[in-house]
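For reference, the structure discussed in these notes is given below.
The values are calculated or read from the model by the stated rules, or taken from the named source; none is laboratory data. A quick note: this is a predicted structure, and the numbers were derived from the prediction, not measured. For neighbour counting, all protein chains shown are included, and Cβ atoms are generated from backbone atoms with ideal geometry for every residue, glycine included.
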Amino acid sequence: MYSPPQIASGNAHVSDRSCFGAADSCQNENMRKRIIGSTQRRGGPRPRSDTWLDLEQIATVEASSEDPRFPIEAVFQLDDNCGWRADQNGEQLLRLIFDEPTALHRIQLQFEENEIERTQEFTICWAPAQGGPTRDIVRQQWTFSPGGSTREVEDYDVNLEGVAVLELFIKPDLNAGSGLATLLKWRVR
């Protein structure tokens with residue numbers, strides 16, 4: 001049981017040491033405590049893992065078109081900065097088909113456009129079964145400007161279990177209705 005300290009009458013001695021910097025001066029042996037090691041709330045976002053999924057080993061990728069100089073597999077390689085580019089104007093579809101249903105917790109996309117000003121829209125969808133109905137995760141628009149904004153990086157925390165298919169639809173230029181779609185990186189974990 002806790003007993004408050006008794007204050008003596010007369011001249012009480014006050015220590016010159018403060019609690020900060022003196023390891024033994026601020027201990028209270030009666031308080032129950034736990035060091036939890038994190039400031040995150042319960043039920044909050046999970047800590048981010050540093051390991052991206054090796055999609056070349058666990059999934060098949062499909063692309064509606066591909067410029068042979070900028071193949072789709074480049075977007076999954078950590079050290080490649082060429083990325084993918086369509087060889088046809090207009091909307092494009094990129095699809096990951098997982099070998100086994102997979103839990104996803106983070107999706108990262110990187111786009112780059114240094115040559116023309118354009119407003120692009122993309123949509124990420126997922127499905128629990130190949131050929132089944134898809135569910136939207138996000139729809140995003142971005143305006144590239146060679147004199148200003150040339151790179152778009154999108155990073156989404158998700159909580160998806162049993163993902164069989166992950167799709168990325170890209171409308172490369174909403175104003176002109178055509179244009180070549182590009183993607184620099186696509187990572188998931």
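Quick look at the numbers
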quantity: Conditions (1) in contact with a Lys or Arg (Cβ under 6 Å, 6 or more places away or on another chain); (2) modelled with pLDDT under 95: number failed by GLY132; calculated: (1)
quantity: Counted residues, the range 86-110 - those being under 18 Å from GLU152 (Cβ atoms) and buried (at least 20 other Cβ atoms within 10 Å of the Cβ); calculated: 5
quantity: Some residue of the range 91-102 being within 17 Å of THR60 (Cα to Cα), out of contact with any Pro (no Cβ under 9 Å at 6 or more places or on another chain) and either in a loop (DSSP other than H, G, I, E, B) or among the small types (Gly, Ala, Ser) (or both); calculated: no
quantity: Residue among GLU161, GLU117, GLU121 that is over 19 Å from the mean Cα position of the chain (by Cα) and either at negative phi or among the aliphatic types (A, V, I, L, M) (or both); calculated: GLU117
quantity: Condition broken by THR143, with the remaining ones in (1) modelled with pLDDT of 95 or more; (2) over 18 Å from VAL61 (Cβ atoms); (3) under 20 Å from the mean Cα position of the chain (by Cα); (4) not hydrophobic (A, V, I, L, M, F, W, C) satisfied; calculated: (3)
quantity: Condition met for THR60 (out of contact with any His (no Cβ under 9 Å at 6 or more places or on another chain), closer than 18 Å to ARG189 by Cβ and either modelled with pLDDT of 95 or more or in a strand (DSSP E or B) (or both)); calculated: no
quantity: Those residues of the range 130-189 which are free of Cβ contacts under 8 Å to residues at least 12 places away in the same chain and either surrounded by 12 or more Cβ atoms within 10 Å (Cβ to Cβ) or in a strand (DSSP E or B) (or both), in sequence order; calculated: ARG135, SER149
